[in-house]
Amino acid sequence: MDSAVSDPHNGSAEAGTPANGTTRPPSTPEGIALAYGSLLLMALLPIFFGALRSVRCARGKSSSDMPETITSRDAARFPIIASCTLLGLYLFFKIFSQEYINLLLSMYFFVLGILALSHTISPFMNKFFPANFPNRQYQLLFTQGSGENKEEIINYEFDTKDLVCLGLSSVVGVWYLLRKHWIANNLFGLAFSLNGVELLHLNNVSTGCILLGGLFIYDIFWVFGTNVMVTVAKSFEAPIKLVFPQDLLEKGLEADNFAMLGLGDIVIPGIFIALLLRFDISLKKNTHTYFYTSFAAYIFGLGLTIFIMHIFKHAQPALLYLVPACIGFPVLVALAKGEVAEMFSYESSAVILPHTPRLTHFPTVSGSPASLADSMQQKLAGPRRRRPQNPSAIYEESNPKDPAAVTESKEESTEASASKRLEKKEK
């Protein structure tokens, strides 16, 4: 996971030394300000709209639309998994040819980018379709096994409008695959970021603190302690970062002197900000105090990152500044309002929103949204166990009688059996 703000051609080791050996002219102050301002704006868009869409996602009418929920166990393991992935990519680039690795990754992100961009633009495109548009439903289903052992591998439902969005996204995908243009890269990067903020949900504030705290240490170590993250970010030709040219004013769209921002610096704080928006809604006060506070904290933290990077001419771990700001500002507001207990006791998955089934238990292992929904439905549909009762008590409940009546019935049955025996002997 790339999680650093970098200015690779303005003060770092490669500054002014392009691949052809010629000296790169220094960026103008106007170009640098335009690049940094554009990166800041592009980072804010997926956080703001992704947070709003995360609320609608939680209010989904069907359980299959439920997002992935990150538990405290997942949050604790994530920095370790991210470190192993980052180190593995670094070793791959050192051992194998960078050209072939990037070709394989380009094909992989080509498919993912088309799907992510299609899902991003679908709500906007639906407004442009006429009312009489022939919209048909389709389903892509892959199963494994047969009979009772049949297991769903892929179950994707879509319609004609989704196919139109896929077609438009494929045009951007082919453009990125052939040209690796920075605009196509940013379109895919923005789509990945918005989908991440929308579909990845923290279950509570404590989990968010664990995740942000772990990645706070992760980011500092891999940026300041080694050159691994910066090397991977520069070698990795995939839309895992947003870039903007600092020489756009001089060279136009063919500019190549880029400042970049890793998607991790957008998605990780973004899912925490989205959690605070859902917390605001759960308070039912018609205010979004914690959302706007954390959003302003993100602007402050990222702006401070860019300022320090520009002063010291070195790539900065953005989470070093974003984590204290995004956690500290909302906690201070909660202290001032006396709502710290409510904030840390809030469970995002336990809030009953309209059309949303309530989850009281999450599996200990992570899975797809469909698997989480299936496990919930099985628990809701399962028969209720009743306490085993004494057979005599059941008999007494179904046949309530007076003790004297029970004795009389026994005597009557005894006399009847004795008379039958006498009749048999006489015969």
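Could you name every one of the helices (runs of 4 or more DSSP H) located completely within the stretch 115-224 that has at least 2 residues being in contact with a Pro (Cβ under 6 Å, 6 or more places away or on another chain)?
Once the helices (runs of 4 or more DSSP H) in the stretch 115-224 are filtered for at least 2 residues that are in contact with a Pro (Cβ under 6 Å, 6 or more places away or on another chain), what remains is 182-199, 205-220.
Given (1) farther than 30 Å from E68 by Cβ; (2) open to solvent by less than 30 Å² (accessible area, probe 1.4 Å); (3) of a type in the set (V, I, T), where does I311 come up short, assuming only one miss?
Among (1) farther than 30 Å from E68 by Cβ; (2) open to solvent by less than 30 Å² (accessible area, probe 1.4 Å); (3) of a type in the set (V, I, T), I311 violates only (2).
Can you tell me which of (1) without any contact (Cβ under 8 Å) to a residue 12 or more places away in the chain; (2) closer than 29 Å to F236 by Cβ is the one I114 doesn't meet?
(1)
How many of the residues making up the stretch 5-55 are open to solvent by 70 Å² or more (accessible area, probe 1.4 Å) and either modelled with pLDDT under 85 or within 25 Å of I220 (Cα to Cα) (or both)?
10
Could you look through the stretch 85-115, keep only residues that are of a type outside the set (A, V, I, L, M, F, W, C) and modelled with pLDDT of 90 or more, and pick out the one that is most open to solvent (accessible area, probe 1.4 Å)?
Only one residue tops the list, namely Y108.
Which numbered condition in (1) open to solvent by less than 60 Å² (accessible area, probe 1.4 Å); (2) hydrophobic (A, V, I, L, M, F, W, C); (3) modelled with pLDDT of 90 or more; (4) over 25 Å from V232 (Cα atoms) is the only one that A191 fails?
(4)
Taking into account only those residues within the stretch 304-341 that are assigned to a loop (DSSP other than H, G, I, E, B) and of a type outside the set (A, V, I, L, M), which is farthest from the chain's Cα centre (by Cα)?
K313
Restricting attention to the stretch 221-250, and to residues there that are of a type in the set (F, W, Y) and crowded, with 16+ Cβ neighbours inside 10 Å, which single residue is modelled with the lowest pLDDT?
Looking at the filtered set, the residue picked out is F236.
What number of residues within the stretch 279-292 satisfy the criterion of being surrounded by fewer than 22 Cβ atoms within 10 Å (Cβ to Cβ) and under 22 Å from the mean Cα position of the chain (by Cα)?
So the count comes out to 5.
Inspect all residues belonging to the stretch 256-274 and state whether any of them is surrounded by fewer than 20 Cβ atoms within 10 Å (Cβ to Cβ) and farther than 17 Å from Y346 by Cβ.
yes
Restricting attention to the stretch 229-268, report how many residues are of a type in the set (F, W, Y), within 22 Å of T305 (Cα to Cα) and either in a loop (DSSP other than H, G, I, E, B) or out of contact with any Pro (no Cβ under 7 Å at 6 or more places or on another chain) (or both).
Number satisfying all stated conditions: 1.
Does N185 fit the bill of being farther than 28 Å from L275 by Cβ and either without any contact (Cβ under 8 Å) to a residue 40 or more places away in the chain or open to solvent by less than 30 Å² (accessible area, probe 1.4 Å) (or both)?
In short, yes.
Does any residue of the stretch 200-209 turn out to be open to solvent by 10 Å² or more (accessible area, probe 1.4 Å), of a type in the set (A, V, I, L, M, F, W, C) and closer than 22 Å to H119 by Cα?
Scanning the stretch 200-209, I find at least one residue that is open to solvent by 10 Å² or more (accessible area, probe 1.4 Å), of a type in the set (A, V, I, L, M, F, W, C) and closer than 22 Å to H119 by Cα, so the answer is yes.
Which is open to solvent by 50 Å² or more (accessible area, probe 1.4 Å), of a type outside the set (K, R) and closer than 26 Å to T207 by Cβ, of A76, A131, A82, A58?
Matching residue, one of A76, A131, A82, A58: A76.
Pick from the stretch 251-294 the residues that are under 18 Å from S38 (Cβ atoms) and touching an Asp or Glu at 6+ places or on another chain (Cβ under 7 Å): which of them is modelled with the lowest pLDDT?
Looking at residues that are under 18 Å from S38 (Cβ atoms) and touching an Asp or Glu at 6+ places or on another chain (Cβ under 7 Å), I get A255.
The values are calculated or read from the model by the stated rules, or taken from the named source; none is laboratory data. Not measured: the values here are computed from a predicted model. Every residue, glycine among them, receives a Cβ derived from its backbone with ideal geometry; neighbour counts consider all protein chains shown. Keep in mind that these areas ignore ligands, DNA and RNA; they rest on the heavy atoms of the full protein, side chains included. Shrake-Rupley method; radii C 1.70, N 1.55, O 1.52, S 1.80 Å.
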